[in-house]
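Beneath this line is the structure, given in structure tokens, with notes to follow.
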Amino acid sequence: MFVASWCAPCLAELARFEALEAAARPRRLLIVALDEGAGSTEMTRRFDGRQKLAISPREGWELLRRASAGRAAGLPYAVMTDETGRPCALRDRGLSEAELRTMAAACKG
């Protein structure tokens, strides 16, 4: 999940993180914060190291660019990868539990 503190839909996703995380299993759901500062720190405070990818915002934007093949036009944005780490499903709107299951199904076939 690529998110930023200025992105209202991202904050809504993060408020439902536990339900989304459960729907994503057995895959891991990771948060990539694309901004820094007090807002970003507060936004991600309750999440532990297993739930966040600890990279700089610059690295996060580059990762998003590569994973989306340059198609990401805004946030929130989600990328699901296969067992080799290659992107297999993309989502350019807010996530739901049903959408995560759809993404997982797309990654199987």
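The values are calculated or read from the model by the stated rules, or taken from the named source; none is laboratory data. Only a predicted model underlies this, so the values are computations on that prediction, with no experimental measurement involved. Cβ atoms come from the backbone with ideal geometry, glycine included; neighbour counts cover every protein chain shown.
Rundown of residues vs (1) touching a Leu at 6+ places or on another chain (Cβ under 8 Å); (2) not acidic (Asp, Glu), yes/no style:
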site	(1), (2)
8	no, yes
17	yes, yes
42	no, no
48	no, no
51	yes, yes
104	no, yes
108	no, yes
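The listed residues are 93, 86, and the only one of them that is among the charged types (D, E, K, R), within 14 Å of the chain's Cα centre (by Cα) and at pLDDT below 95 turns out to be 93. Here residue 62 fulfils each of the conditions (1) under 24 Å from residue 103 (Cα atoms); (2) touching a Leu at 6+ places or on another chain (Cβ under 6 Å) apart from (2). Inside the range 1-13, residues that are surrounded by 19 or more Cβ atoms within 10 Å (Cβ to Cβ) and part of a helix (DSSP H, G or I) make up a count of 2. For the range 75-107, filtering for residues that are among the small types (Gly, Ala, Ser) and either in contact with a His (Cβ under 6 Å, 6 or more places away or on another chain) or part of a loop (DSSP other than H, G, I, E, B) (or both) leaves 3. The residue that is modelled with the lowest pLDDT, among those in the range 20-43 that are within 13 Å of the chain's Cα centre (by Cα) and part of a helix (DSSP H, G or I), is 24.
Here's the yes/no breakdown for (1) over 16 Å from residue 30 (Cα atoms); (2) surrounded by 12 or more Cβ atoms within 10 Å (Cβ to Cβ):
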| residue | (1), (2) |
| --- | --- |
| 65 | yes, yes |
| 71 | yes, no |
| 74 | yes, no |
| 79 | no, yes |
| 90 | no, yes |
| 98 | yes, no |
| 105 | yes, no |
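A count restricted to the range 75-94 and to residues that are under 17 Å from residue 60 (Cβ atoms) and either touching a Leu at 6+ places or on another chain (Cβ under 6 Å) or not acidic (Asp, Glu) (or both) stands at 11.
Does the range 44-58 include one or more residues that are crowded, with 20+ Cβ neighbours inside 10 Å, modelled with pLDDT of 90 or more and not hydroxyl-bearing (Ser, Thr, Tyr)? No - not one qualifying residue is present in the range 44-58.
The conditions of being within 21 Å of residue 20 (Cα to Cα) and touching a helix residue (DSSP H, G or I) at 6+ places or on another chain (Cβ under 9 Å) are met by residue 93.
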